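This report refers to the structure that appears directly beneath it.
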Ligand SMILES: [Fe+2]
């Protein structure tokens with residue numbers, strides 16, 4: 001690994017290896033992936049206790065902008081108030097239980113139920129009831145206002161927590177802001193927003209992105225652009241990460257490549273380097289990329305001053321418990337949000353969003369995605385598995401998942417037999433079981 005350049009000592013992503021916890025080696029019971037009883041336990045003790053990403057702040061920029069999002073059986077309504085604050089409410093009118101908003105997003109000065117026109121202001125307060133005198137029991141506004149959900153923001157995202165006694169978001173995120181603030185997600189622009197219905201448990205998807213053991217098998221092309229062996233894995237309290245060297249090639253190829261492989265050459269061209277002008281050894285390309293970006297930051301238009309050298313080439317891949325997977329690069333971030341199905345443990349919703357840093361000057365990297373003014377907010381697409389390509393690598397990832405889920409339901413299968421390089425999966429299960437067993441119950 002290349003020596004770390006800490007340009008600004010006070011704000012850098014720690015690269016140090018975290019102490020390795022002993023997580024044992026037991027089989028992980030498959031029931032956690034297929035059982036409705038376990039699914040209910042997850043809802044009661046985990047989903048309703050953790051901080052979850054509701055939307056992007058950029059999706060509700062103006063007063064009165066709202067967005068609906070679902071987790072399990074609940075629909076949440078996230079609204080931008082007149083004071084500029086984002087608030088989250090259960091999306092249900094307290095009259096007859098109609099959903100206040102049916103559509104995915106919009107803008108309105110008040111939140112009016114479409115059934116009998118009960119009307120709430122942007123803080124959720126009930127302000128108008130047609131024929132109010134006809135309710136002999138009265139319409140006490142303090143009891144009939146929209147039920148608010150704890151809401152906070154970090155990284156340009158609106159987060160919510162269904163537990164009214166939840167700890168603050170920053171306490172929940174732990175080391176995450178210190179690690180990821182240098183990327184300034186809040187300044188990134190969303191350029192892709194797709195939800196796919198997948199026939200697998202939400203954890204089957206989380207697991208698929210928390211190990212690189214499968215790369216040699218289903219992503220043969222990546223052997224020529226990433227090192228899938230020399231991975232640093234760090235397991236923190238709830239969350240974890242691995243650091244994957246990019247702009248290099250896999251030691252599994254078993255040879256010292258003499259020529260720049262085509263996949264790597266394409267990546268060099270994409271950032272403005274000419275592979276034909278590179279005369280060093282192929283393993284030196286990663287370092288050359290780091291030096292090139294550092295030297296050409298002004299032209300590229302990206303401020304790299306808060307990054308160490310490795311961050312200029314590598315994927316700092318973070319998992320924020322329970323359902324956020326982030327491929328974090330110096331100029332972009334790809335995020336997967338895994339959401340459970342309402343009733344079926346064998347189904348889930350896979351939300352793929354992509355963000356890029358808007359360049360201050362120049363056109364190089366991010367200009368692949370946008371004009372000078374930044375990209376328009378992408379439409380949200382919701383598709384079934386197979387209806388739309390997500391790109392070669394994600395398409396490769398998704399092939400096995402329904403078959404994993406089907407296999408897990410077999411009486412012949414007992415549970416996950418996990419290797420060392422897959423230990424982020426074991427770590428996620430430890431956190432999950434800590435919630436199930438009530439370890440975090442008294443957090444607030
Ligand atoms: Fe993969």
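Every number here is computed from the coordinates shown, using simple stated rules; none is lab data. In this text, all values refer to a predicted model and were calculated from it rather than measured experimentally. No Cβ is skipped: glycine too gets one built from the backbone with ideal geometry, and neighbour counts run over all protein chains shown.
Taking every DSSP beta bridge with both residues inside the stretch 51-161, roughly what % is antiparallel (nearest 5)?
Here the antiparallel bridges make up roughly 100 percent for the stretch 51-161.
How much of the DSSP bridge set in the chain is antiparallel, in percent, rounded to the nearest 5? Please report the intermediate quantities before stating the final value.
On the way: 70 of 74 bridges.
Antiparallel bridges: around 95 percent, rounded to the nearest 5.
Angle check, please: helix 423-436 long axis (alpha carbons) against the longest principal axis of the chain (alpha carbons), in degrees 0 to 90, nearest 10.
Between helix and principal axis, roughly 20 degrees.
Using 0.36 nm times the number of residues separating residue 114 and residue 256, minus their current alpha carbon distance, what extension gain do you get?
Difference between extended and current length: 44.5 nm.
What FRET efficiency comes out for the pair residue 411/residue 303, r = Cβ-Cβ distance, R0 = 56 Å, nearest 0.05?
The calculated FRET efficiency here is 0.50.
Calculate the all-directions average of the projected area of the stretch 51-161's alpha-carbon convex hull, and give it in nm².
Taking a quarter of the hull surface, the average projection is 6.8 nm².
What full-extension length gain, to one decimal in nm, is calculated for residue 36 and residue 147 as 0.36 nm per residue of separation minus the Cα-Cα distance?
Using 0.36 nm per residue and subtracting the Cα-Cα distance, I get 37.2 nm.
What 222 nm value per residue comes from the helices of the chain, counting each DSSP H run with n ≥ 4 as -39,500 (n - 2.57) and dividing by all residues, nearest 500 deg cm²/dmol?
Helix contribution divided over all residues of the chain: -5500 deg cm²/dmol.
Compute the angle between helix 285-295 and the longest alpha-carbon principal axis of the chain, please, reported from 0 to 90 degrees and rounded to the nearest 10.
Rounded to the nearest ten degrees, it is 70.
If I build a Gaussian network model for the chain, linking alpha-carbon pairs within less than 10 angstrom, which residue out of 250, 410, 223 has the largest mean-square fluctuation?
So, out of 250, 410, 223, the one fluctuating most is 410.
Pairs of Cα atoms under 8 Å, at least six residues apart: use those to get the relative contact order of the stretch 51-161, whole percent.
Once normalised by length, the contact order is 28 percent.
Could you state the angle between the C-alpha long axis of helix 392-408 and the longest principal axis of the C-alpha atoms of the chain, as a value from 0 to 90 degrees rounded to the nearest 10?
On a 0 to 90 degree scale, this one is about 60.
Mind listing the Cα extents of the chain along all three principal axes, in Å, largest one first?
85, 57, 43
Report, to one decimal in Å, the Kirkwood hydrodynamic radius for the stretch 174-229 based on all distinct Cα pairs.
14.8 Å
Quick one: order 403, 179, 279 by neighbouring beta-carbon count within 10 Å, fewest to most.
Ranked by crowding around the Cβ, least crowded first: 279, 403, 179.
Can you sort 129, 244, 229, 100 by how many other beta carbons sit within 10 Å, fewest first? Write down the numbers at each step before the final one.
Working: 129 18, 244 21, 229 14, 100 25.
By the 10 Å Cβ count, ascending, the order reads 229, 129, 244, 100.
Once the piece of chain linking residue 107 and residue 277 is laid out straight, how much longer is it, given 0.36 nm per residue of separation minus the C-alpha distance between them?
Working: separation 170, 0.36 × 170 = 61.20 nm, distance 5.26 nm.
Between residue 107 and residue 277, full extension yields 55.9 nm more.
If you bin every alpha carbon distance in the stretch 259-367 into 10 Å steps from zero, what whole percent lands in each bin?
13, 36, 28, 14, 7, 1
For the pair residue 63 and residue 95, how long in nm is the line joining their label points, each one 7 Å along Cα→Cβ?
For residue 63 paired with residue 95, the spin-label model returns 2.5 nm.
Given a 10 angstrom Cα cut-off, can you work out which residue in 386, 24, 407 is the most mobile in a GNM of the chain?
24
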